[in-house]
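Participant: Please read through the structure below; I'll follow up with questions.
The values are calculated or read from the model by the stated rules, or taken from the named source; none is laboratory data. Quick caveat, the model's predicted, so the values are computed rather than measured. Methodologically, a virtual Cβ is constructed for each residue, glycine included, from the backbone with ideal geometry; neighbour enumeration extends over all protein chains shown. Accessible surface areas use protein heavy atoms only, side chains included; no ligands, DNA or RNA. Shrake-Rupley method; radii C 1.70, N 1.55, O 1.52, S 1.80 Å.
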Amino acid sequence: MKAAFTFIGDRDGKPLAIDLFCGLGGWTEGLLAEGYRVVGFDMERHHYGDAKYPAQLVLQDVLTIHGRQFKDAALIVASPPCQEYSYMAMPWSLAKEKRRKLREGEDDPKRLTALFDACFRIQREASEAAGHHIPLVVENVRGAQEWVGRSRFHFGSFHLWGDVPALMPQVKTNRKTPVGSWDKTRKNYTADHSWDTEPAKGYGVVTEDGIKQGGEAVKGAGNGWFNDAKRKGGTETGRLSQSGSKSPARKAASAHIAKIPLVLSRHIAKAWHP
């Protein structure tokens, strides 16, 4: 593991929070709003137009982190990459074959869960160094449950493991005002990162883990956000469905889709604030 220095907590009277796999900072936005000082860790700097990580960022592979450097943290949050879990939830033959290889030992399930497991290792090391329990909340998709165990709570398609508070917010599906959208090109885009629960006529609602609202698997799931942007015509986000999986446009869209809703991140931050 890399040599590490300790991140000091309670600077300027603010408790320290650590955001692993921080992406665009969905967790961090809620933590900052509730008065934390936040340090985020990721393999790359996510910066797409005006959207960028809003706090101190450390570019480091989470697998190389030792948790003792977080002994002063009041809270650790994490959102390990979910692509493989999401892919295996699809009804495609290649996705089913990938799942079979993992189930039958032709592929190593420990490889699949390595990043998820690292979060709990880091929590254990941090708690041991601190001499007391440091709470950890890990977010991922529904498809991860088959491999890491049942989640303790889900907020829409955002499933949570670890030290999830007993009282949690509920997804609002019946609003008097128009529902929000992740797509900034749409008129019903909302800054709190809500999403469509009543789609335009002719289009189904597909969550990030590839499941149509109501539990039905959908062919082509995962492309709804991209195709929806395309219908709005001609922008970079409008061409996402024709972009490669590693293109800047695809990466930007994935980062926005994976971003924790502000109402959820603020609730967790408030619940664990010292």
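Participant: Within segment 124-141, is there a residue that is over 17 Å from the mean Cα position of the chain (by Cα), among the basic types (Lys, Arg) and part of a helix (DSSP H, G or I)?
Facilitator: Within segment 124-141 (the criterion being over 17 Å from the mean Cα position of the chain (by Cα), among the basic types (Lys, Arg) and part of a helix (DSSP H, G or I)), the answer is yes, since at least one residue qualifies.
Participant: Scanning segment 252-274 for residues that are β-branched (Val, Ile, Thr) and in a helix (DSSP H, G or I), which turns out nearest to MET43 (Cα to Cα)?
Facilitator: ILE257
Participant: Something else: With LYS71, LYS96, LYS52, LYS110 as the choices, which residue is out of contact with any strand residue (DSSP E or B) (no Cβ under 7 Å at 6 or more places or on another chain), surrounded by 15 or more Cβ atoms within 10 Å (Cβ to Cβ) and either modelled with pLDDT of 95 or more or basic (Lys, Arg) (or both)?
Facilitator: Sole residue among the options that is out of contact with any strand residue (DSSP E or B) (no Cβ under 7 Å at 6 or more places or on another chain), surrounded by 15 or more Cβ atoms within 10 Å (Cβ to Cβ) and either modelled with pLDDT of 95 or more or basic (Lys, Arg) (or both): LYS71.
Participant: Only residues in segment 251-274 that are among the basic types (Lys, Arg) count as the first member; pair them with residues that are in a loop (DSSP other than H, G, I, E, B) and open to solvent by 40 Å² or more (accessible area, probe 1.4 Å), Cβ under 7 angstrom, at least 6 apart or cross-chain, and list the lot.
Facilitator: ARG266/GLU34; LYS270/GLU34
Participant: Scan segment 13-28 and report the pairs whose first residue is within 17 Å of PRO261 (Cα to Cα) and whose second residue is open to solvent by 10 Å² or more (accessible area, probe 1.4 Å) and part of a helix (DSSP H, G or I), with Cβ atoms within less than 7 Å and a gap of 6+ or a chain change.
Facilitator: GLY23/ALA255; LEU24/ALA255; LEU24/HIS256
Participant: Which condition does TYR87 not pass, out of (1) within 17 Å of the chain's Cα centre (by Cα); (2) of a type in the set (Phe, Trp, Tyr); (3) at pLDDT 95 or above, if it passes all the others?
Facilitator: If we test TYR87 against (1) within 17 Å of the chain's Cα centre (by Cα); (2) of a type in the set (Phe, Trp, Tyr); (3) at pLDDT 95 or above, just (3) comes out false.
Participant: Take GLN60 and tell me if it is farther than 24 Å from HIS267 by Cβ, open to solvent by less than 30 Å² (accessible area, probe 1.4 Å), of a type outside the set (A, V, I, L, M, F, W, C) and out of contact with any helix residue (DSSP H, G or I) (no Cβ under 9 Å at 6 or more places or on another chain).
Facilitator: So GLN60 fits the description; yes.
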